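> My questions will all concern the structure given below.
Just so it is clear, none of the values below were taken in a lab; they were calculated from the coordinates. None of these values were measured; they are calculated from a predicted model. For neighbour counting, all protein chains shown are included, and Cβ atoms are generated from backbone atoms with ideal geometry for every residue, glycine included.
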Amino acid sequence: MPVYMILSWIFIIAGLVCTVVVLALQWRAWRRFRHVSFGLLTISSIAVLINQVLMAIPYMYTLDATALASLMALAAIPFAHALVLGVWGTWSLFRVYGRVVEENGRLRETLEGGGRGEG
């Protein structure tokens, strides 16, 4: 097997493993916190996984040009969903994290002010 094929398989497998690990972390976070951002990110990772599996098919089977073009068009669907849901989920997560940090700052000011007799 040529070196480029070995490297291709390493990249495919590493990408799949990474996606599964991230998916597991997101799923656990969603089950624990039930926040929409983790749900969106979980669905996005599932779409990425589907896309990766579809994109690996040409490495396992020989396809003619028509089948390959159809496969690429099919793989574009979960890819587009992954992009949109990934950005939306990340934005949602950052937004809620910002709120937590702001609330923590307000709480800290209240507690520090109360400890000195202020407030």
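> For residue 70, only one of the following conditions fails: (1) of a type in the set (Ser, Thr, Tyr); (2) surrounded by fewer than 14 Cβ atoms within 10 Å (Cβ to Cβ); (3) under 26 Å from residue 33 (Cα atoms). What is its number?
Tallying (1) of a type in the set (Ser, Thr, Tyr); (2) surrounded by fewer than 14 Cβ atoms within 10 Å (Cβ to Cβ); (3) under 26 Å from residue 33 (Cα atoms), residue 70 fails exactly one: (3).
> Something else about it: Taking interchain pairs and intrachain pairs at least six residues apart, which have beta carbon atoms under 6 angstrom, with the first residue in the range 1-25 and surrounded by 10 or more Cβ atoms within 10 Å (Cβ to Cβ) and the second among the aliphatic types (A, V, I, L, M)?
Close Cβ pairs (under 6 Å, with a partner that is among the aliphatic types (A, V, I, L, M)) amount to 12/56; 19/48; 19/49.
> Looking at 84, 22, can you tell me which residue is out of contact with any helix residue (DSSP H, G or I) (no Cβ under 6 Å at 6 or more places or on another chain) and aliphatic (A, V, I, L, M)? Reasoning before the result, please.
Details: 22 fails: out of contact with any helix residue (DSSP H, G or I) (no Cβ under 6 Å at 6 or more places or on another chain).
Sole residue among the options that is out of contact with any helix residue (DSSP H, G or I) (no Cβ under 6 Å at 6 or more places or on another chain) and aliphatic (A, V, I, L, M): 84.
> How many residues does the range 26-57 contain that are outside any helix (DSSP H, G or I) and loosely packed, with under 14 Cβ neighbours inside 10 Å?
1
> For the range 3-54, give me each residue that is of a type outside the set (A, V, I, L, M) and in contact with a Gly (Cβ under 9 Å, 6 or more places away or on another chain).
26, 30, 37, 38, 39, 42, 44, 45, 52
> Condition test on residue 85, is it surrounded by 14 or more Cβ atoms within 10 Å (Cβ to Cβ), over 16 Å from residue 20 (Cα atoms) and either touching a Pro at 6+ places or on another chain (Cβ under 7 Å) or without any contact (Cβ under 8 Å) to a residue 60 or more places away in the chain (or both)?
Here the answer is yes, as residue 85 does meet what is asked.
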